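Read the structure below first, then the notes.
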C-alpha cells in the first residue's frame, strides 16, 4: 500500500470519527417553565371600561396590547438563555369573558434549570423582525397578525393603549386617547434584576405591566393626556411613542 493510500484511509477514519461525535453531542435537558403576564392599574388587575382616578379626573382603558422580543434569562457569570424570540400579549381581547383583563400564561419548553439573576425584555418587535411583515410568517405566529401592522410605517405596532378620559369632570368621557407605538426608534430593551429559580416543581414567574406607571413621568407627575392625546401618524414623529415605551422600565415588575 502506498503512502498516499495510507493517508487517504486515515483521512476517512478521521471524518467518520468526527461525524460520529457530532451525532452524539449531548444537549442540556430543560424543563417546562411558565410565565404569566398580567396588566394592572396602580397595582390592581386592569379592567376595561372601569373608572380610574387620574389626577383630578377619571379615565377608562379600552384596549391594551403589547409585543415582547428576545425574552432572555440572565446569570451573573454572563450566561444568557433566550426563551422566546417574540410574543404577542392582548390583555383586552374582544372575546374576553368579562371586562377583567386576561392573564395569559405561556409555557416555554426546555429551559435549563438553575438560578438566574435577572431577565431582559425587548419592548416591541426587534428591528430584524420589524423589517418583515405579516405575510412572511405562518398563520398562528405572533407576527402574522395584520391588525397590529401598519404598512405606512413599514412597522408593527409595538403597543396599543386606547381609552377615554373626562378632564372637565362633567361625567362625560369626551377625550379619547390613543397611543399606538411603533417603528425601530421606539424599540426599548430593559433588564430587570430579580432572582429567578428555574427548577421542576418550583413554579414559574409572573410579569406585570402597570398602566398607571406607563402614564407616569420621571418626575412623578402624570402624563399630560390633554396636550398629547395620541401618538403621531407620521413615522418620523415618535416623540410621544418614545415617552411611553421608555416608561416600561418602571412599569414592569417580576414576581416569583
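Taken together, the values in this text are just the output of simple stated rules run on the coordinates, not laboratory data. In this text the structure is predicted, and so the values were computed from the model without any measurement. When we count neighbours, we look across all protein chains shown, and the Cβ atoms used for this are built from the backbone with ideal geometry, even at glycine.
With N counted as the residues of region 115-256, its alpha-carbon radius of gyration over 2.2 N^0.38 Å works out to 1.21.
The spread of Cα positions in region 133-190, taken along each principal axis and listed from longest to shortest, comes to 48, 26, 23 Å. Our summary gives the chain a relative contact order of 22 percent, counting only alpha carbon pairs under 8 angstrom and 6 or more residues apart. The rule of thumb for compact globular proteins, 2.2 N^0.38 Å, goes into the C-alpha radius of gyration of region 150-226 1.56 times. Over the chain, the reciprocal of the mean inverse Cα-Cα separation, the Kirkwood hydrodynamic radius, stands at 20.7 Å. Full extension of the chain between residue 97 and residue 34 yields a length gain of 20.4 nm, computed as 0.36 nm times the residue separation minus the alpha carbon distance.
In this calculation the C-beta distance from residue 117 to residue 242 is compared with R0 = 30 Å, giving a FRET efficiency of 0.55.
Using helices alone, what [θ] at 222 nm do you get for the chain, with -39,500 (n - 2.57) per DSSP H run of 4 or more residues, divided over all residues and rounded to the nearest 500?
Estimated from H runs of four or more residues: -4000 deg cm²/dmol.
Spin-label pair residue 232-residue 51: with each label point 7 Å from Cα along the Cα-Cβ axis, the two points sit 3.6 nm from one another.
Using alpha carbons only, how many degrees (0 to 90, rounded to 10) separate the axis of helix 3-23 from the longest principal axis of the chain? Approximately 30 degrees, to the nearest ten. Plainly put, region 72-164 has a radius of gyration that is 1.01 times its Kirkwood radius, both from alpha-carbon atoms, as the Rg/Rh ratio.
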